[in-house]
Amino acid sequence: GSTIGILGAGQLGRMLAVAASRLGLKAHIYSDVPGPASDVAASTTIGAYDDLAKITAFAAETDVVTYEFENVPVSAAAAVEKVRPVRPGLKPLEVAQDRFKEKSFIASLGLPLPRFALVEGPGDFAAALETVGAPSILKSRRLGYDGKGQARLASPDQIGEAFEAIGRAPATLEAMVNFQFEVSVLLVRGINGETLVYDIPQNHHEGGILRTSTVPSRLPAAHRERAIEIASTLAEALGYVGLIGVEMFYVGDALEPLLLNEFAPRVHNSGHWTMDACAVGQFENHIRAVAGWPLGATERHSDCQMTNLIGDDVAAWPQLAGEANACLHLYGKNKALPGRKMGHVNRLFPRSVDVETRSL
Ligand code: ATP
Ligand code: MG
Ligand code: MG
């Protein structure tokens, strides 16, 4: 297709639209509010996600539709699917936007994950604590991101407080994992099942928000294979088309060295380094996949550290713009609110020879 419809107008949509444009494709955005993507897309339709007539008319003007955030109502995506293909698909959306469905789906595939239980109300506290224990984390079942809607319990008697803290919303209780570090697998799957992966970044979070992603990671080679196997099994089971970000905890040498935390059915913040350290980055590969094109090489030509510019960090842009080998990306958001992702910088380094021993 030559017009890519994108549901959502955030920075991910913006970078997808730029990638589409570079390939001679047009991006058409649908969103309930204008956002960073509207400024660069060929056109934008502003409408509610429950305005199914409007969203259907939007879809009819495109060749294929994708989404840039996982909270697009499934009903909206289903309306689109009546007129145009929706990629990565409805199933990934439905599963990823509900933490309990997500964890249950992962478990049903036999993939490793932290112990978890559903907590819909105080009546579930005892059974959940029996399954999961403490220390643990209570996470709202829907709409959480950047560590929002989460409360930690050091001991079982704190579950009531934790439930109040997240606003008495249906939640999952998850065992606290004493991980060495976090990694993610960025995998792209084409319409005929062709699958490529990027090198695995090591991800560092601060205050629940991704701060840096670094390649190469310290993940040993044997465990990299396992990480890729986990992500491929998931993508295949979802019938996935496009780029998926699969977040994992690395716990070190163990029967299961990696535990799957969550996946994002879209391009992922921990993959932003691919824009500058690979010939074809995650945004372009997602566009290629959804458009039914051949995928592009995911090989990394440089070592790289991506740093998110959060809130006031963005004030440093003039220095960053002048820094050698730093690739600056700004999202064009006007207000640098605390915790808001304003841009990122990819710092490139010559590719190290021995990826196993490079320390971070
Ligand atoms: P995102 O912005 O990645 O979508 P989110 O709000 O959906 O984040 P998670 O990714 O589940 O939430 O959690 C945010 C961070 O909190 C994780 O990256 C990790 O650092 C920490 N965390 C989450 N779950 C656990 C756990 N079970 N054990 C230890 N740390 C955890
Ligand atoms: Mg999440
Ligand atoms: Mg996460």
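The values are calculated or read from the model by the stated rules, or taken from the named source; none is laboratory data. None of the values given here were measured: they were computed from a predicted structure. Cβ placement follows ideal geometry from the backbone for every residue including glycine, while neighbour counts extend to all protein chains displayed.
Does residue 137 qualify as being in contact with a strand residue (DSSP E or B) (Cβ under 7 Å, 6 or more places away or on another chain) and within 16 Å of ligand 2 (Cβ to nearest atom)? Let's see the steps before the verdict.
Numbers: in contact with a strand residue (DSSP E or B) (Cβ under 7 Å, 6 or more places away or on another chain): yes; within 16 Å of ligand 2 (Cβ to nearest atom): yes.
For residue 137, the condition - in contact with a strand residue (DSSP E or B) (Cβ under 7 Å, 6 or more places away or on another chain) and within 16 Å of ligand 2 (Cβ to nearest atom) - is met.
If a residue must be over 30 Å from residue 339 (Cβ atoms) and touching a residue at least 40 places away in the same chain (Cβ under 8 Å), how many such residues does the stretch 209-229 contain? Give the steps one after another, and end with the answer.
Pass one, the stretch 209-229, residues over 30 Å from residue 339 (Cβ atoms): 220-226, 228-229.
Keeping just the survivors that are touching a residue at least 40 places away in the same chain (Cβ under 8 Å) gives 220-221, 228.
The qualifying residues number 3.
Would you call residue 217 outside any strand (DSSP E or B) and among the hydroxyl-bearing types (Ser, Thr, Tyr)?
Working: outside any strand (DSSP E or B): yes; among the hydroxyl-bearing types (Ser, Thr, Tyr): yes.
Yes; evaluated as a whole, the condition is true for this residue.
Give the residues of the stretch 1-54 that are over 15 Å from residue 80 (Cβ atoms) and of a type in the set (S, T, N, Q), sorted by residue number.
The answer is 2, 11, 21, 38, 43, 44.
To keep it simple, each residue is scored yes or no on (1) closer than 25 Å to residue 113 by Cα; (2) more than 16 Å from ligand 2 (Cβ to nearest atom); (3) of a type outside the set (A, V, I, L, M).
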| residue | (1), (2), (3) |
| --- | --- |
| 235 | yes, yes, no |
| 269 | yes, no, yes |
| 290 | no, yes, no |
| 305 | no, yes, yes |
| 308 | no, no, yes |
| 330 | no, yes, no |
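Report those strands (runs of 3 or more DSSP E) wholly inside the stretch 245-360 carrying at least 2 residues which are closer than 30 Å to residue 29 by Cα and without any contact (Cβ under 8 Å) to a residue 60 or more places away in the chain.
Working: elements: 258-264, 302-310, 326-330, 341-350.
Answer list for the stretch 245-360: 326-330, 341-350.
Can you name the number of the only condition in (1) of a type in the set (D, E, K, R); (2) part of a loop (DSSP other than H, G, I, E, B); (3) within 20 Å of residue 289 (Cβ to Cβ) that residue 14 fails?
Here residue 14 clears every test but (2).
Please count how many residues of the stretch 194-208 are surrounded by fewer than 20 Cβ atoms within 10 Å (Cβ to Cβ) and modelled with pLDDT of 95 or more.
Narrowing the stretch 194-208 to residues surrounded by fewer than 20 Cβ atoms within 10 Å (Cβ to Cβ): 194-197, 204-208.
Next cut, modelled with pLDDT of 95 or more only: 194-197, 204-206.
Summing the residues that are surrounded by fewer than 20 Cβ atoms within 10 Å (Cβ to Cβ) and modelled with pLDDT of 95 or more in the stretch 194-208 gives 7.
Restricted to the stretch 24-74, and to residues that are in a helix (DSSP H, G or I) and in contact with a helix residue (DSSP H, G or I) (Cβ under 6 Å, 6 or more places away or on another chain), which residue is nearest to residue 95 (Cα to Cα)? Full working, then the answer.
The initial filter retains those residues of the stretch 24-74 that are in a helix (DSSP H, G or I), namely 52-60, 74.
Next, from what is left, pick out any that are in contact with a helix residue (DSSP H, G or I) (Cβ under 6 Å, 6 or more places away or on another chain): 52, 55-56, 59, 74.
Details: 52: 21, 55: 22, 56: 23, 59: 23, 74: 10 Å.
So the residue we want is 74.
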